[in-house]
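Colleague: Sharing a structure, written as structure tokens. Questions coming.
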Amino acid sequence: MAALTREATEALIAEVLEVYPEKAKKDRAKHLMINDKTLESSKKCITSNRKSLPGVMTMRGCAYAGSKGVVWGPIKDIISISHGPIGCGQYARAGRRNYYVGTTGVDAFCELNFTSDFQEKDIVFGGDKKLAKLIEEIEQLFPLNKGISVQSECPIGLIGDDIEAVSKKAAAAIGKPVVPVRCEGFRGVSQSLGHHIANDSVRDWILSNRDGQAFETTPYDVAILGDYNIGGDAWASRILLEQMGLRVVAQWSGDGTLAEMENTPKVKLNLLHCYRSMNYISRHMEEKYGIPWLEYNFFGPTKIAESLRKIASFFDDKIKEGAERVIAQHKEMMDAVIAKYRPRLEGKKVMLYVGGLRPRHVVGAYEDLGMEVVGTGYEFAHNDDYDRTIKDMGDATLIYDDVTGYEFEEFVKACKPDLIGSGIKEKYVFHKMGVPFRQLHSWDYSGPYHGVDGFAIFARDMDMTLNNPCWSKLTPPWVKKDEVAEKKAA
Amino acid sequence: MANIMIRQNAAGGLVFYLPKRDLEADIQSIEFDTPEKWGGELKLENGGSYYVDPIPKPARLPISVRAKRLGAAED
């Protein structure tokens, strides 16, 4: 049961698009669709991974954000240098809450900002010498680092610095991998290309480092790919896999290490959580090492059970029994969570607008709580993501790609969701409109939300936000005073 | 010419993947599918078609090959 009928949704889209100039209207119309579950492919209905229109508010990031912030940043024992001016690294420093075990500044480096701090002279004369010196200094000050990655910011590509040559020389000098990553922010239309570039650099510089070396394997080795341990997510996922009898060899890349990544080619199965950011390396490992990969979803008990069974189907009866045992073991706790929160959340409507996997993955968790997702969208998805989304979403629900600030606000005004899940850039707009809001990028400084432990926190947080008494006390600045008075009188 | 990857999906069908453009599509038909000759024209479910020089059937999928675009079905 959708919030609006198909016709009403169509009318809404037409109405929202009305304000754009002709050309922009035509372009934006391609990025909005009304879900139809019978469709096999999203191709005819929605266009994605295209350049954002000039003049609209987009929520997208850049290739550097995708590479340094998402893929490389969380690897705890690799120092990622933000090579270029200082701002890119400094304003993104430790913002993603990728938790890790380790002593920051000694053997773990995620929360520190390493930058070459480009000045005018570096732009004019090139920054290669500075980079070489920087790597030398890092090696002296932080000898426990296991490797270094050089994350290019825009100017590096513009002035044509040869970071590959510097990296090669430095790697030979310090005897550790030094990985040049060409993730200049201007590449591509969103952070999505940054993920791809980062995956390719891992493939070229890291993955095959330990080929041919002895490694004690078991038949139950798996790797978690695309889990960035936001608020401890990867730990909540890992514990389930270990309970069912699997051995998690590597975490990519939340709380992950270089050694784990180098040992990944020896696993039996790659478990892929964020399809968008790590499918590239999974595909490569499938071809080169013959490791199958599997997408899974650890949001909410229904999807967890489904995923555990799917994962177990790749292994023998021992693991299959393990999966059933894990599901049974947590059933009571899950039922208790649902019994507690479902009555408080039943029938509430949610609108989502997030990044790579959550617009479709969290739908199951909301449904477990009796809530309904009436609209969803991705910042930087490609059409294969939308193919996967169509099946998870209800009929006649709204799907928006790279939604603009204006469109999102209008959709919210029309659909009147009880809760919005999106990022920090949208948060305060909707707070001021008096709509309950949760950040679904960083879990609003809470988490984990993955796994069974995470579901309890997820349910609590949703209840805490939605049923907070403050929302009715807010008056948006654009609602006139007399209207409020009228409302009160009524 | 573009590098593409051909893999097998869970249902046993072939899937076409073009890394450069992140384009993934099921392969509807493959011109040659015998042990000694494999490849030729690939027809995709999105309406596109590509040509792969025939090779002996690979022992294991996925495989990366060079392909030529025949039909412009992309958006």
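The numbers here are math on the coordinates, done by the rules we state, and not lab data. Since the model is a prediction, treat every value here as computed from it, not as a measurement. Because the Cβ atoms are built from the backbone with ideal geometry, glycine has one as well, and the counts that use them run over all protein chains shown.
Colleague: What percentages make up the Cα-Cα pair-distance distribution of segment B:2-71 when the bins are 10 Å wide from 0?
Modeller: P(r) for segment B:2-71, in whole percents per bin: 21, 63, 16, 0.
Colleague: Run lengths n ≥ 4 of DSSP H only: what is the helix-derived mean residue ellipticity at 222 nm for the protein assembly as shown, with -39500 (n - 2.57) per run over all residues, to the nearest 500?
Modeller: Per the formula, -11500 deg cm²/dmol.
Colleague: Amide H to amide H under 5 Å from A:I291: which residues, 5+ apart in sequence or cross-chain, H placed 1.01 Å off N in plane?
Modeller: Result for A:I291 returns A:E286.
Colleague: Also: What is the sum of charges around A:T397, taking Lys and Arg as +1, Asp and Glu as -1, for the other residues whose C-beta is under 13 Å from the C-beta of A:T397?
Modeller: Net local charge, A:T397 excluded: -1.
Colleague: Using mean Cβ contacts within 10 Å as the protection proxy, how do A:214-221, A:262-269, A:430-437 order, highest first?
Modeller: Peptide ranking by packing, descending: A:262-269, A:430-437, A:214-221.
Colleague: Oh, and also: Quick one: length gained pulling A:K44 to A:Q140 fully straight, 0.36 nm per residue minus the C-alpha distance?
Modeller: Difference between extended and current length: 29.0 nm.
Colleague: Search the structure for amide H atoms under 5 Å from the amide H of B:Y51, placed 1.01 Å from N in the peptide plane, and list their residues when 5 or more places away or on another chain.
Modeller: The answer is B:L42, B:K68, B:R69, B:L70.
Colleague: A follow-up question, please. Whose amide H sits under 5 Å from the amide H of A:G256, counting only residues 5 or more places off or on another chain, with H placed in the peptide plane?
Modeller: Under 5 Å from the amide H of A:G256: A:K76.
Colleague: Quick check on chain A: of the DSSP beta bridges with both residues there, what percent are antiparallel, nearest 5%?
Modeller: Rounded to the nearest five, the antiparallel share is 10 percent.
Colleague: With the contact rule set at Cα under 8 Å and sequence spacing of 6 or more, what percent relative contact order holds for segment A:297-427?
Modeller: Answer for segment A:297-427 is 26 percent.
Colleague: Here's something else I'd like to know. Residue by residue, what Karplus-based ³J(HN,Hα) values in Hz, rounded to whole numbers, does segment B:7-17 have, using 6.51, -1.76 and 1.60 with θ = phi - 60° and x for Gly and Pro?
Modeller: These are the phi-based 3J(HN,Hα) values: 10, 9, 8, 4, 7, x, x, 8, 10, 9, 9 Hz.
Colleague: Still on this structure, please answer the following. Could you please rank A:S167, A:S208, placing first whichever residue has the fewest other Cβ atoms within 10 Å of its Cβ?
Modeller: Ordered by Cβ neighbours within 10 Å, fewest first: A:S208, A:S167.
Colleague: In what order do A:D368, A:D162 fall by count of nearby beta-carbon atoms within 10 Å, going from fewest to most?
Modeller: Listing A:D368, A:D162 from fewest to most nearby Cβ atoms yields A:D162, A:D368.
Colleague: Tell me, what ³J(HN,Hα) does each residue in segment A:365-370 have, in order and in whole Hz, if you take phi through Karplus 6.51 cos²θ - 1.76 cosθ + 1.60 with θ = phi - 60° and put x for Gly and Pro?
Modeller: 5, 5, 5, 4, 8, x
Colleague: Give the value in nm², to one decimal: projected area of the alpha carbon convex hull of segment A:37-174, averaged over all directions.
Modeller: 12.1 nm²
Colleague: A further question on this structure: Sticking with the crude label model, points 7 Å out along Cα→Cβ, report the distance from A:K168 to A:I86 in nm, one decimal please.
Modeller: It works out to 3.3 nm between the two label points.
Colleague: Then there is this: Once both labels are modelled 7 Å past Cα along the beta-carbon direction, what's the B:F32-B:D53 spacing in nm?
Modeller: Spacing of the two 7 Å Cα→Cβ label points: 1.2 nm.
Colleague: Also, quick follow-up: So if I take the alpha carbon set of segment A:223-332, get Rg, then get Rh from the Kirkwood formula, what is the Rg over Rh ratio?
Modeller: Radius of gyration over Kirkwood radius for segment A:223-332 works out to 0.95.
Colleague: Something else about it: Sort A:237-249, A:446-458 by packing, meaning the average of other beta carbons within 10 Å per residue, with the highest value first.
Modeller: Ranking the peptides A:237-249, A:446-458 by packing returns A:446-458, A:237-249.
Colleague: When the expected Rg is taken as 2.2 N^0.38 Å, what fraction or multiple of it is the alpha-carbon Rg of chain A?
Modeller: 1.01
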